[in-house]
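Have a look at the structure below, then the notes.
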Amino acid sequence: KQEVTQIPAALSVPEGENLVLNCSFTDSAIYNLQWFRQDPGKGLTSLLLIQSSQREQTSGRLNASLDKSSGRSTLYIAASQPGDSATYLCAVGKAAGNKLTFGGGTRVLVKP
Amino acid sequence: NAGVMQNPRHLVRRRGQEARLRCSPMKGHSHVYWYRQLPEEGLKFMVYLQKENIIDESGMPKERFSAEFPKEGPSILRIQQVVRGDSAAYFCASSPQLSGDDGYTFGSGTRLTVV
């Protein structure tokens, strides 16, 4: 059974600092891994999708890496801004069209 | 493309009533997934449907919960005789047929409150 863990559960940084969010999973036989952002009381916004054959994906200030063999993914957010404050969720899919298994999330606060 | 549409956004039900949650997938998506997020907890998979078929319902509670995705119209998650513990945010996601290459797109969720 796949288990996904996100550490830390909460993170507070001053504006401008880089953010490093960790995600680990127990079963390395994944199809893809997706990072989401969730604002309080809102839905999920997809940030980055990494296929199992890929090592990383980048979008603007966001970069996500994937090390399937060690069961880890890291989301980097460069030069954080107060608007980056949200909960960040990682989720892994076992096969195409299959369900996602979510981590518990990292709640981020970027202080001005 | 309107994205994944869920309604209602907020739903209040008294204990014992029925709750019906609707989800219209993105245009061109034929796979629908329902997830539940209990207060202060992560998202948990409930059920995966294709048109007129339930593919995986391993996350659905055995009683009172049902889901359908008819040939025409939205997917419906139905909760009968609701209890306080059903209060949660229910999210629907959709993906294209036979591919996770584009990832999953989530709706804004329905927040169910049972009073």
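The values are calculated or read from the model by the stated rules, or taken from the named source; none is laboratory data. Here the structure is a predicted model, which is why all the values come from computation and not from measurement. Reconstructed Cβ throughout: ideal geometry from the backbone, glycine too, with neighbour counts over all protein chains shown.
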Which residue is farthest from the other protein chains (Cβ to nearest Cβ), if the candidates are limited to the range A:12-38 and must be surrounded by fewer than 17 Cβ atoms within 10 Å (Cβ to Cβ) and hydrophobic (A, V, I, L, M, F, W, C)?
A:V20
Taking the range A:38-93 as the region of interest, how many residues are in contact (Cβ under 8 Å) with a residue 40 or more places away in the chain and basic (K, R)?
2
Here's a check for you: in the range A:90-100, which residue that is part of a strand (DSSP E or B) and either at the interface with chain B (Cβ under 7 Å from one of its Cβ atoms) or in contact with a helix residue (DSSP H, G or I) (Cβ under 8 Å, 6 or more places away or on another chain) (or both) is surrounded by the fewest Cβ atoms within 10 Å (Cβ to Cβ)?
A:G93
For B:K71, which of the numbered conditions (1) among the basic types (K, R); (2) within 29 Å of A:P40 (Cβ to Cβ); (3) more than 14 Å from every other protein chain (Cβ to nearest Cβ) fails to hold?
(2)
Answer yes or no as to whether A:G41 is within 14 Å of chain B (Cβ to nearest Cβ), surrounded by 13 or more Cβ atoms within 10 Å (Cβ to Cβ), under 24 Å from B:C92 (Cβ atoms) and modelled with pLDDT under 95.
no
Which residues, taken from the range B:29-49, are hydroxyl-bearing (S, T, Y) and touching a residue at least 40 places away in the same chain (Cβ under 8 Å)?
B:S30, B:Y33, B:Y35
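A quick yes/no check of all residues on (1) charged (D, E, K, R); (2) within 14 Å of chain A (Cβ to nearest Cβ); (3) touching a Pro at 6+ places or on another chain (Cβ under 9 Å); (4) closer than 27 Å to A:W35 by Cα:
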{"residue": "B:P25", "(1), (2), (3), (4)": "no, yes, yes, yes"}
{"residue": "B:F45", "(1), (2), (3), (4)": "no, yes, no, yes"}
{"residue": "B:L77", "(1), (2), (3), (4)": "no, no, no, yes"}
{"residue": "B:T110", "(1), (2), (3), (4)": "no, yes, yes, yes"}
With the structure loaded, tell me whether B:M26 is in contact (Cβ under 8 Å) with a residue 60 or more places away in the chain and of a type in the set (A, V, I, L, M) or whether it fails that test.
yes
Return yes when B:G59 is at positive phi and at pLDDT 90 or above and no when it is not.
no
Sole miss for B:F65 among (1) away from chain A (no Cβ under 13 Å); (2) more than 14 Å from the chain's Cα centre (by Cα); (3) free of Cβ contacts under 8 Å to residues at least 40 places away in the same chain is condition (2)
Note on the range A:1-55: residues under 16 Å from B:E40 (Cα atoms) and of a type in the set (S, T, N, Q) are A:T5, A:Q6, A:Q38
Breaking point among (1) in contact with a Pro (Cβ under 8 Å, 6 or more places away or on another chain); (2) crowded, with 17+ Cβ neighbours inside 10 Å; (3) of a type outside the set (S, T, N, Q), for B:A67
(1)
List the pairs whose first member sits in the range A:7-23 and is among the charged types (D, E, K, R), whose second member is in a strand (DSSP E or B), and whose Cβ atoms are under 6 Å apart, counting only residues at least 6 apart or on separate chains?
A:E15/A:V110
Can you find even one residue in the range B:86-94 that is away from chain A (no Cβ under 14 Å), closer than 24 Å to A:T87 by Cα and not in a loop (DSSP other than H, G, I, E, B)?
yes
